[in-house]
Amino acid sequence: MNYWLFKSEPDEYSIDHLKTDKKCLWEGVRNYQARNIMRDECQKGDIILYYHSSTKETGIYGLAIINQTGIADPSQFDKNSKYYDPKATKEEPRWICVEVKYKKKFKSPILRDELKENKKLKDLMLLQKGSRLSIQPVSEKHAKIILEMLK
DNA sequence: GCCAACGTTGGC
DNA sequence: GCCAACGTTGGC
């Protein structure tokens, strides 16, 4: 089982949205590195650390689960979508996404500042300079350290 | 709102 | 295939 960190702008789609929806397609990712992770590495049952970015209090707000993999992102075919990709075809979809299932929202988030203060997390990809990949792998070691901070 | 760090595009 | 120009991300 793997751990991932998924970034989302709460104005776009917050953990509360996911809680209401129960499930959602992680569509609209238009970065090849992030796509490759979703396409090749994410497995059903993997744990997602749900991160709020581009907001006042950035941090990890809860957990989700990879519910289904290998789904062609429908927005690539939708001419009205800002994620429309004219080069994608149904036969050869370019953007593959996953379905995400809500697991829990933390009583209080683990803020970025708290992650930064934890010396054991200095190698966490999220905290590296210039790190802006929206889907990141999190090692089991790091994941356990992070989840331990909830207590 | 600024801007550093990335990623992508397209002319050559 | 190089790389300048442009676009985007996301912390601050």
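Each value in this text was obtained by applying a stated rule to the coordinates, not by laboratory testing. The structure presented is a predicted model; accordingly, all values stated were derived computationally and were not measured. Cβ placement follows ideal geometry from the backbone for every residue including glycine, while neighbour counts extend to all protein chains displayed.
Could you work out the local net charge near A:K122, counting Lys and Arg as +1, Asp and Glu as -1, over the other residues with Cβ closer than 15 Å to its Cβ?
The answer is +2.
Rounded to the nearest 0.05, what FRET efficiency do A:Q68 and A:E91 have when you use their Cβ-Cβ distance and R0 = 22 Å?
Using R0 = 22 Å, I get an efficiency of 0.55.
What is the list of residues in segment A:106-121 whose amide nitrogen lies under 16 Å from a point 7 angstrom out from the Cα of A:L127, following Cα to Cβ?
Backbone N within reach: A:110-121.
Under 17 Å from a point 7 Å along the Cα-to-Cβ line of A:R39: which residues of segment A:53-84 have their amide N that close?
A:69-77, A:84
Using the structure shown, list the pairs from A:K23/A:K56; A:K19/A:K82; A:K44/A:K104; A:K44/A:K79; A:K7/A:K79 with a Cα-Cα distance above 19 Å, or answer none.
Correct reply: A:K23/A:K56; A:K19/A:K82; A:K44/A:K79; A:K7/A:K79.
For segment A:3-148, what's the relative contact order in percent, using C-alpha pairs closer than 8 Å and at least 6 residues apart?
31 percent
Quick one: Kirkwood hydrodynamic radius for segment A:75-127, alpha-carbon pairs, angstrom, one decimal?
One over the average 1/r among Cα pairs gives 15.1 Å for segment A:75-127.
How large is the charge dipole for chain A, taken about the Cα centre, if only the Cβ atoms of Lys, Arg (+1) and Asp, Glu (-1) carry charge, to the nearest 20 debye?
That gives chain A a dipole magnitude of about 380 debye.
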